């Protein structure tokens, strides 16, 4: 199930959180969630697992456009320049061209 957003996009109403999802076990749990039809993956830079999340997404077999990915800015990166740098770093670590929701 999804919720329609005002801009025409849709967001899944149930997501999979990736706290402590590191290394192989974390990658497997994210892949399993995607196999079970989870389509929202939630992470944040402070979890220090964006690389594992990105790897799980890439190797899951699910098309990127079908997955809604959320990550978050940590409070130490507030301000325009720091926010841009943090976003670019998250994109690099996740190995993605875009993030659906950046909080």
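Scan the range 33-45 for residues that are part of a helix (DSSP H, G or I) and more than 17 Å from residue 95 (Cα to Cα) and jot them down.
33, 34, 35 - these are the residues of the range 33-45 that are part of a helix (DSSP H, G or I) and more than 17 Å from residue 95 (Cα to Cα).
Out of all the residues in the range 49-61, which are surrounded by fewer than 17 Cβ atoms within 10 Å (Cβ to Cβ) and over 24 Å from residue 9 (Cα atoms)?
51, 59
Here's the yes/no breakdown for (1) under 24 Å from residue 74 (Cα atoms); (2) in contact with a helix residue (DSSP H, G or I) (Cβ under 7 Å, 6 or more places away or on another chain):
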| residue | (1), (2) |
| --- | --- |
| 4 | no, no |
| 7 | no, no |
| 22 | yes, yes |
| 25 | no, no |
| 28 | no, no |
| 33 | no, no |
| 36 | no, no |
| 42 | yes, no |
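Pull out all pairs, ordered by first then second residue, where Cβ-Cβ is under 8 Å, the residues are six or more apart or on different chains, the first lies in the range 81-102 and is free of Cβ contacts under 8 Å to residues at least 24 places away in the same chain and at negative phi, and the second is surrounded by fewer than 12 Cβ atoms within 10 Å (Cβ to Cβ) and in a helix (DSSP H, G or I).
Cβ pairs passing all conditions: 82/76.
Out of the range 50-61, which residues are touching a helix residue (DSSP H, G or I) at 6+ places or on another chain (Cβ under 6 Å) and in a loop (DSSP other than H, G, I, E, B)?
If the condition is that a residue be touching a helix residue (DSSP H, G or I) at 6+ places or on another chain (Cβ under 6 Å) and in a loop (DSSP other than H, G, I, E, B), then 60 is the only one that fits.
Is it true that some residue in the range 10-21 is out of contact with any strand residue (DSSP E or B) (no Cβ under 8 Å at 6 or more places or on another chain), surrounded by 13 or more Cβ atoms within 10 Å (Cβ to Cβ) and in a helix (DSSP H, G or I)?
Scanning the range 10-21 turns up no residue that is out of contact with any strand residue (DSSP E or B) (no Cβ under 8 Å at 6 or more places or on another chain), surrounded by 13 or more Cβ atoms within 10 Å (Cβ to Cβ) and in a helix (DSSP H, G or I).
Considering each residue of the range 65-81, count those that are closer than 14 Å to residue 46 by Cβ and more than 14 Å from the chain's Cα centre (by Cα), and give that number.
5
Looking at residue 30 and the list (1) out of contact with any strand residue (DSSP E or B) (no Cβ under 7 Å at 6 or more places or on another chain); (2) at pLDDT 95 or above; (3) part of a helix (DSSP H, G or I), which single condition is not satisfied?
(1)
Working only within the range 62-103, note down all residues that are out of contact with any strand residue (DSSP E or B) (no Cβ under 9 Å at 6 or more places or on another chain), assigned to a loop (DSSP other than H, G, I, E, B), loosely packed, with under 13 Cβ neighbours inside 10 Å and at pLDDT 95 or above.
Listed by number, the residues that qualify are 63, 97.
Residue by residue through the range 46-64, note down the ones that are more than 15 Å from residue 95 (Cβ to Cβ) and within 13 Å of the chain's Cα centre (by Cα).
Selection gives 46, 47, 48.
The values are calculated or read from the model by the stated rules, or taken from the named source; none is laboratory data. Since the model is a prediction, treat every value here as computed from it, not as a measurement. Ideal geometry is used to build each Cβ from the backbone, glycine not excepted, and the neighbour counts take in all protein chains shown.
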